[in-house]
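The values are calculated or read from the model by the stated rules, or taken from the named source; none is laboratory data. All values derive from a computational prediction rather than experimental measurement. Cβ atoms come from the backbone with ideal geometry, glycine included; neighbour counts cover every protein chain shown.
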Amino acid sequence: MSDFGALSVVPPLLAIVLAILTRKAVLSLFLGIWAGAVIYTGGLGIVQTFEWIVDAIADDFHATIIVFTLLLGSGVAMVWNLGGTYAVRNWALTRLDTPRKAGLAAWILGLAMFFDDYANTAIVGSAMKDVSDSLRISREKLSYIVDSTAAPVATIGISSWVAFQLSLIVDGYEAAGVDAADRPSTFEVFLSAIPFNMYAILAIVMVAIIVVWGRDYGEMLTAEHRSWTTGKVTRDDAVPMQDVAAELGEPPASTPRLINFFAPVAVLIVMTLATALWTGGFSVGAFVADLIAGDVEGAGGLLWDATLDAAYETALMIGSFAMVATGFLLGKVYDIFGVGEATAYTIDGFGIMITAVSILVLAWGIGETIGALGTGDYVAAIAVGAVSVELLPALVFLVAGFIAFSTGTSWGTMGIMTPIAIPVAWQISGGGAEGHTLVAVMVGVIFSGAILGDHSSPISDTSVLSATFTGADLIDHVRTQLYYAVTVGVVVVLLLLAWGFTGVTPFVLLPIGALALVGLVYLLSEVDGRRKRIDPVSVNEPREGAETIVAGSEKGE
């Protein structure tokens, strides 16, 4: 339990409320950290404020992600100056001539990039942004598609998340006092938990419903109507997290070539995956030897162990560096620019990521603040106690969502909630087979709630990166996505209550949830469309022939 009680919740909530009201994320985050420092020290707290910010930067994982983000900005700058962005836009527009096709392409690409949520947002956002602009899809809509696919698919697939999630299951069982010999394998529990990770599954389904049906509601409907009727893919006063065209100018490449887009992106993906396996201790020789010997299980085990042990943040950093190096090479091969110009473009690429890095650092600073104040422990301890088995899954889901919303970290929420919820589940279920079942449910709903809160929070790193690589305003992204996240969250709560009181298998509940989402999207879009006097479907009709795309007040070809 936190020594600061209810005051421990004030800093993150202050930062979130200010960010939503003022749309100034940097100022809001800094004031949230400062408020926490005042509470923590009982004084002015300015020294403590900067100590937490410095601690956030000094963290090895955070420092690596900063380098990755800056290098990826350089990679984007390289692709832009090579003419690769124009090439892929021209190529895609001959095939993706409607918003539905472009949205589906982004959704499918997001599902394919399941191995890491950061890489997912970077690759999909960068690949689809110009195509999306040309079809007058709002930046808010694209950032929603990217964000609501990246983390959900990462948490249910073989990704950088899995090793962390498996370790939490072990920690939870140990906190419950259950010996390893008396419980299922950790991976078995993980697999059993996937159907109860209902938010992740239904969030992916929700994106498909929105994209295929072409219906919107809430602030997304307003954003899409603006984009279609005026050509402004961002609102007039928006501050895009990244504006490549405005900051880098026209590319020097006279002939757009597809290879200048696909080669750097392919190198990024291949080098990231290869480095991840290398850091995980993967041995190509041993793998090939097992295959030659016919030991497929042994070869698979080597690959699996390396996947779990990989240092994905290092892999992303090396992958983005390789992307930049590929830009140097292509610029020389096609005589577009030399080493001197390429070096300048590398530094220019750092510049387009400064806003994103600033917000990331301050978001991590809020993490240091809530860690010192014990915010997560306080919320979890007062919310998860002596409750019935029937209500526990829905309650844990909501608590995890609130903690993730308040702290901006899905991983941190999982780390806080798992050692608390699993022992509670084991105790109130009486242990045994029923206890293991409820433990798997807890794992699923904790992961599920963590992603819900992450999607709803302006201080979430994945929200920041999704807005960055799609060129959206961060607060506009969060405000528009919030309606859809809450809709899915409400459906999940009802499904978990239905499971708690009836025991119906989640494989029956999930299709019911998907149908409920279809009905809610229709109902909410109709009601909101009539209220705003906007056809919720017509704004998503084919948009071929859009002559001018306007990002805020800046026009481009």
> Pairs, please: C-beta under 7 Å, at least 6 apart or cross-chain, first residue over 23 Å from Val189 (Cβ atoms) and in the stretch 445-472, second among the charged types (D, E, K, R) and not in a helix (DSSP H, G or I)?
Replying inline: Ala467/Asp473; Gly471/Asp243
>> Tell me the residue from Met198, Met206, Met241 that is under 20 Å from the mean Cα position of the chain (by Cα) and either without any contact (Cβ under 8 Å) to a residue 12 or more places away in the chain or over 22 Å from Thr155 (Cβ atoms) (or both), please.
In response: Met241
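Conditions (1) over 27 Å from Thr222 (Cβ atoms); (2) under 16 Å from the mean Cα position of the chain (by Cα), marked per residue:
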{"site": "Asp97", "(1), (2)": "no, no"}
{"site": "Lys101", "(1), (2)": "no, no"}
{"site": "Leu104", "(1), (2)": "no, no"}
{"site": "Leu111", "(1), (2)": "yes, yes"}
{"site": "Thr121", "(1), (2)": "no, yes"}
{"site": "Leu135", "(1), (2)": "no, no"}
{"site": "Ser138", "(1), (2)": "no, no"}
{"site": "Ile145", "(1), (2)": "no, yes"}
> For the stretch 17-36, which residues satisfy the criterion of being hydrophobic (A, V, I, L, M, F, W, C) and either modelled with pLDDT of 80 or more or at positive phi (or both)?
Replying inline: Val17, Leu18, Leu21, Val26, Leu27, Leu29, Phe30, Leu31, Ile33, Trp34, Ala35
> Which members of the stretch 139-175 meet the condition of being within 15 Å of Leu308 (Cα to Cα), modelled with pLDDT under 80, part of a helix (DSSP H, G or I) and in contact with a Ser or Thr (Cβ under 9 Å, 6 or more places away or on another chain)?
Replying inline: Val162, Ala163, Gln165, Leu166, Ser167, Leu168
> Ser28 fails exactly one of the following numbered conditions: (1) closer than 30 Å to Ile259 by Cβ; (2) of a type in the set (Ser, Thr, Tyr); (3) within 22 Å of the chain's Cα centre (by Cα). What is the number of that condition?
Replying inline: (1)
> Among the residues of the stretch 282-291, is any hydroxyl-bearing (Ser, Thr, Tyr) and touching a helix residue (DSSP H, G or I) at 6+ places or on another chain (Cβ under 7 Å)?
Replying inline: yes
> Can you name the residue in the stretch 476-525 that is surrounded by 15 or more Cβ atoms within 10 Å (Cβ to Cβ) and aromatic (Phe, Trp, Tyr) and, of all such residues, is farthest from the chain's Cα centre (by Cα)?
Replying inline: Trp499
>> Whether any residue in the stretch 422-433 is under 18 Å from Ile33 (Cα atoms) and surrounded by fewer than 24 Cβ atoms within 10 Å (Cβ to Cβ) is what I want to check.
In response: no
> If the Cβ limit is 7 Å and pairs must be 6+ apart or interchain, which residue in the stretch 310-323 that is under 13 Å from Leu277 (Cβ atoms) and surrounded by 24 or more Cβ atoms within 10 Å (Cβ to Cβ) pairs with which residue that is modelled with pLDDT under 85 and not β-branched (Val, Ile, Thr)?
Replying inline: Tyr312/Asp116; Tyr312/Ser160
> When the stretch 409-431 is examined, which residues are found to be at pLDDT below 80 and under 13 Å from Asp461 (Cα atoms)?
Replying inline: Thr409, Trp411, Gly412
> Just for the stretch 389-415: of the residues that are aromatic (Phe, Trp, Tyr) and surrounded by 24 or more Cβ atoms within 10 Å (Cβ to Cβ), which one is nearest to Phe30 (Cα to Cα)?
Replying inline: Phe405
> Of these, Leu495, Leu510, Leu517, which one is touching a Gly at 6+ places or on another chain (Cβ under 8 Å), assigned to a helix (DSSP H, G or I) and modelled with pLDDT of 95 or more?
Replying inline: Leu495
> Taking the stretch 520-536, which residues are in contact with a Ser or Thr (Cβ under 9 Å, 6 or more places away or on another chain) and not in a helix (DSSP H, G or I)?
Replying inline: Ile534, Pro536
> From Val324, Val296, Val339, which residue is at pLDDT below 90, among the hydrophobic types (A, V, I, L, M, F, W, C) and either out of contact with any Ser or Thr (no Cβ under 8 Å at 6 or more places or on another chain) or closer than 29 Å to Ala472 by Cβ (or both)?
Replying inline: Val296
> When you look at Thr413, is it out of contact with any Leu (no Cβ under 9 Å at 6 or more places or on another chain) and β-branched (Val, Ile, Thr), yes or no?
Replying inline: yes
>> When you check Ser466 against the structure, is it within 24 Å of Ser525 (Cα to Cα), at pLDDT below 90, surrounded by 24 or more Cβ atoms within 10 Å (Cβ to Cβ) and not β-branched (Val, Ile, Thr), yes or no?
In response: no
> Looking at the stretch 92-110, is at least one residue small (Gly, Ala, Ser), at pLDDT 85 or above and at positive phi?
Replying inline: no
> So which residues in the stretch 7-24 are more than 17 Å from Glu368 (Cα to Cα) and assigned to a helix (DSSP H, G or I)?
Replying inline: Val17, Leu18, Ala19, Ile20, Leu21, Thr22
> Are any residues in the stretch 94-134 buried (at least 22 other Cβ atoms within 10 Å of the Cβ) and among the aliphatic types (A, V, I, L, M), and if so, which ones?
Replying inline: Ala102, Ala106, Met113, Ala119, Ala122, Ile123, Val124, Ala127, Met128, Val131
>> Considering only residues that are in contact with a Pro (Cβ under 7 Å, 6 or more places away or on another chain) and over 21 Å from Val389 (Cα atoms), which ones fall in the stretch 498-527?
In response: Ser525, Glu526
>> Of the conditions (1) without any contact (Cβ under 8 Å) to a residue 12 or more places away in the chain; (2) outside any helix (DSSP H, G or I), Ala433 satisfies every one except a single condition; which number is it?
In response: (2)
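Conditions (1) under 23 Å from Phe4 (Cβ atoms); (2) more than 26 Å from the chain's Cα centre (by Cα); (3) of a type in the set (Asp, Glu); (4) at pLDDT 85 or above, marked per residue:
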residue	(1), (2), (3), (4)
Tyr334	no, yes, no, yes
Phe350	no, no, no, yes
Val357	no, no, no, no
Gly367	yes, no, no, no
Gly376	yes, no, no, no
Phe405	yes, no, no, yes
> In the stretch 439-471, which residues are in contact with a Leu (Cβ under 7 Å, 6 or more places away or on another chain), of a type outside the set (Ser, Thr, Tyr) and more than 23 Å from Pro393 (Cβ to Cβ)?
Replying inline: Pro458, Ile459, Asp461, Val464, Ala467
> Here are some residues: Ile53, Ile57, Ile66, Ile39. Which one is at pLDDT below 90, among the β-branched types (Val, Ile, Thr) and either buried (at least 16 other Cβ atoms within 10 Å of the Cβ) or assigned to a helix (DSSP H, G or I) (or both)?
Replying inline: Ile66
